[in-house]
Amino acid sequence: MPLITYRDALNQALREELRRDPNVFLMGEEVGVYQGAYKVSKDLLQEFGERRIIDTPITEEGFTGVGIGAAMVGLRPVIEMMTWNFSLLAMDQIINGAAKLLYMSGGQFSIPIVVRGPGGAAHQLAAQHSQSIESWYAHVPGLKVVAPSTPYDAKGLLKSAIRDNDPVIFFEGETLYGSKGEVPAEEYTIPIGVADIKRQGTDVTLVAWSKMVMVAMKAAEQLAAEGISCEIVDPRSLRPFDNAPILASIAKTNRCVIVEEGWPYAGLGAQIAYQIQQSAFDDLDAPVTRVTGADVPMPYARNLEHLAMPSPASVVAAVREVLYRS
Amino acid sequence: MAATTTPDHISRQLGSTPKATLLDMLAKMLLGRRFEEKCAEMYALQNIGGFCHLYIGQEAVAVGALSTLRPDDAIFTSYRDHVHAIVKGCDPGRVMAELFGRRDGVSKGKGGSMHLFDRQVGLYGGHAIVGGHIPLATGVAFASKYQQTDRVTLCFFGEAAVNIGAFHESLNMAALWKLPCIYIVENNRYGMGTSIERASAIYDVAARASAYDMASETVDGMDVLAVRDCVGRAVERVRSEHAPTLIEARCYRFMGHSMSDPVHGHYRTKEEVEEQKLQDPIKAYFGRLLAAGLIDQNGLLELDREARETVERAIRFAEASPEPSADDLYADVYAEPYGPFRKSEA
Ligand SMILES: Cc1ncc(C[n+]2csc(CCOP(=O)(O)OP(=O)(O)O)c2C)c(N)n1
């Protein structure tokens, strides 16, 4: 199987779907001539032309709304947010518009749109450019939210998202674009709403998505050296959420650590912990623990940034805690 | 580029518009008026809940503008949407059922007064976030261009919405990309209780189009023939040249901002409202048709009787329609069902 980057996997997904369906188009800032701020749309303008690869002014609310309007009449827009930080300007269109039009029209207008782009902290980009706000979107009925961690998942899930008839919020990991993984040359899709076991283990269940899967992996390797076996479950979709594999894993390990890049307060990890205690209370030998980003705007200073982010070391510490080995 | 419609539109329209259309416009204005008077009654009886924004006084704008469209053209409007819906072709009974929150409502009782949708007649919704629907309308126009159809999209909103970012973002893209969209500002002078003078740095709404090198026109929104004339030209222009247009229709609302407000409140005087009521668009239009010998007093009474009967039938239909079932709570959150979410039956 070819080894390609996360960025190229997304590019392949876009290219294949643009070829497959003339209703699909890509729109956003710098997606065309510049080839994408993160080069996810490399060479697409060349192949598909300006009608389908559309550079926009800096107007997140406006072009997201234009995409939603176009989706009302059956087009399948892919809207690129240069980063999710800027989606805050488009939240009215996404939450008051895309998420609600089907419901408040009594089922008349489905909105087959994908809004995608990089999320989370990169390297010292500071408070306005380093936010993991997937839980904000996952909160909203009417939206689907996806956050792939590997090139394989990224490609398969993006293809599904584009074919989906509902609005899909697609979080890419800003620091995952260069990461490599095996992606088959032949066509495949990954269904939205199906979790994946990223590592088999027996002593503790780690729940992590997007970039945090890497962090959990590193922690697991370190712990393996000490004889502690971690199982890593990546929900991949944050809404709909696939609880069963997590519960099955906890039935085996009896312990759980949730690793989330976002803030702790009212974060997605809180919801997952709730779901676990509702359904797997009797399987737990220790309280569920969360490792999250610090409850602060992201600082610029390198040392503080590291302190504000979940790290393999903080995951290792949490695992020791649920194993009562600290 | 701003132009203002001059009085010769009257003879022009009276001369070139088929009599049936002219009379139909009067009938629709009357129906809109009677429908909304009944809404006020039903609101007082609590058959209609939530916010309910009446359009009384502004009928000439919706009727004149929509008389220029093909049935397959699309419209978007704000929460003040009952009359646009009926004039675009929604069944009045289904509109009333929606206001009653019943299952046979145009939006199956899920939308209510502010969210009337009827895909079949090209009604792309009443929208309740001020200015939030302007990008959506621009998007439908974008799709017309993408799909190479000559379908036109009309987007109605109040003058207060022109201070919203979404308005400017949309006009910029529509002008830049030559989208077949016509933006109709119903300038009734007040956004809730804030007069345009207190909210806008410039009074002339149409002038804002110059920032985008977009065609614009100001029209007397109390004059249905002027609106028809003006919007008709814009529709032709947008179909042939893909040039979007901003139209400012100067009008007045005779009622409070919503049913929960008094007619004038602290922000305008009773005298002002009474004076404006002398310009009632329905009376003025009837006067012209009468002078042109196209209708007489009896003809008017006959049209009015029909309007009242239609409204009575609408009420009976709404009353007879069942409430949505508890099962409908989780219907139509997603197009593709999962978990508790399902699709509604057609
Ligand atoms: C973004 C937003 N802010 C505030 C409101 C509350 N609100 C509802 S209608 C309205 C006034 C709008 O006036 P205008 O756009 O002129 O329309 P009109 O009511 O005159 O038809 C306000 C402030 C809202 N619905 N949306």
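Before moving on, here are some points about what is shown:
- Cβ-Cβ FRET estimate between B:Glu309 and B:Gln148, R0 fixed at 41 Å, reported to 0.05: 0.40
- In the context of the full protein assembly, A:Glu61 retains an accessible surface of approximately 30 Å², using a probe radius of 1.4 Å and ignoring ligands and nucleic acids.
- Solvent exposure, largest accessible area first (probe 1.4 Å, DNA, RNA and ligands not counted), of A:Glu50, A:Glu182, B:Glu186: A:Glu50, A:Glu182, B:Glu186
- Each residue of the stretch A:215-231 was assigned a 3J(HN,Hα) from its phi angle through the Karplus expression (A = 6.51, B = -1.76, C = 1.60, θ = phi - 60°), giving 4, 5, 4, 4, 4, 4, 5, 4, 5, 4, 4, 8, x, 9, 9, 9, 9 Hz with x at Gly and Pro.
- Rounded to 5, the percent of DSSP beta bridges in the protein assembly as shown classed as antiparallel: 20 percent
- Here r is the Cβ-Cβ distance between A:Gln222 and A:Glu182 and R0 is 41 Å; the resulting FRET efficiency, rounded to 0.05, is 0.95.
- For A:Lys218, a cut-off of 20 angstrom between C-alpha atoms picks up these lysines, skipping any fewer than 8 places away in its own chain: A:Lys180, A:Lys198.
- Counting charges near B:Pro262 (Lys, Arg +1; Asp, Glu -1) among other residues having Cβ under 11 Å from its Cβ returns a value of +1.
- Principal-axis tilt of helix A:6-20 within chain A, Cα atoms, nearest 10 degrees: 40 degrees
- The stretch B:24-37 - phi-based ³J(HN,Hα) in whole Hz, Karplus 6.51/-1.76/1.60, Gly and Pro as x: 4, 5, 5, 4, 5, 4, 5, 4, x, 5, 5, 4, 6, 4
- A 1.4 Å probe run over chain A, with the rest of the protein chains in place, finds 36 Å² accessible per residue.
- Charge tally in the Cβ shell below 11 Å around A:Arg116, where Lys, Arg are +1 and Asp, Glu are -1, A:Arg116 excluded: -2
- Beta bridge orientation in chain B: antiparallel %, DSSP, nearest 5: 15 percent
- Residues whose amide H lies under 5 Å from that of B:Gly158, counting only those 5 or more places away or on a different chain, are B:Glu186; hydrogens are built 1.01 Å from N in the peptide plane.
- 0 to 90° range, to nearest 10: angle between helix A:268-280 axis and chain A longest Cα axis: 60 degrees
- The stretch B:213-230 - phi-based ³J(HN,Hα) in whole Hz, Karplus 6.51/-1.76/1.60, Gly and Pro as x: 6, 9, 4, 8, 8, 10, 9, 6, x, 8, 10, 4, 6, 5, 5, 4, 4, 5
- Within straight-line cross-link reach of B:Lys145, aspartates and glutamates at Cα separation under 19 Å, skipping those fewer than 8 residues along the same chain: A:Asp21, A:Glu50, A:Asp55, B:Asp72, B:Asp73, B:Glu169, B:Glu236, B:Glu241
- For peptides B:227-233, B:195-201, A:30-36, sequence by mean Cβ density within 10 Å, most packed first: B:227-233, A:30-36, B:195-201
- Using the Cβ-Cβ distance between B:Asp8 and B:Asp261 with R0 set to 56 Å, the FRET efficiency works out to roughly 0.90.
- Full-extension gain in nm, A:Tyr265 to A:Val33, via 0.36 nm per residue minus C-alpha separation: 79.5 nm
- From its DSSP helices (H runs of at least four residues, each -39,500 (n - 2.57)), chain A gives a residue-normalised ellipticity at 222 nm of -10000 deg cm²/dmol.
- Residues in the stretch A:174-200 reached by a label modelled at A:Lys252 [backbone nitrogen below 20 Å; 7 Å Cα→Cβ]: A:194-200
- Cross-link pairs beyond the 24 Å C-alpha cut-off, checked among A:Lys42/A:Lys144; A:Lys159/B:Lys110; B:Lys19/B:Lys88; A:Lys155/A:Lys252: A:Lys42/A:Lys144; A:Lys159/B:Lys110; A:Lys155/A:Lys252
- Local electrostatic count, B:Leu123, Cβ distance below 13 Å [Lys/Arg +1, Asp/Glu -1]: -3
- Accessible area of A:Leu247 in the full protein assembly, 1.4 Å probe (Å², nearest 10): 40 Å²
The values are calculated or read from the model by the stated rules, or taken from the named source; none is laboratory data. All of these numbers come straight from a predicted model, not from anything done at the bench. Don't worry about glycine lacking a Cβ; one is built from the backbone with ideal geometry, like all the others, and counts go over all protein chains shown. Remember, those area values only see protein heavy atoms, side chains included, never the ligands or the DNA or RNA. Shrake-Rupley method; radii C 1.70, N 1.55, O 1.52, S 1.80 Å.
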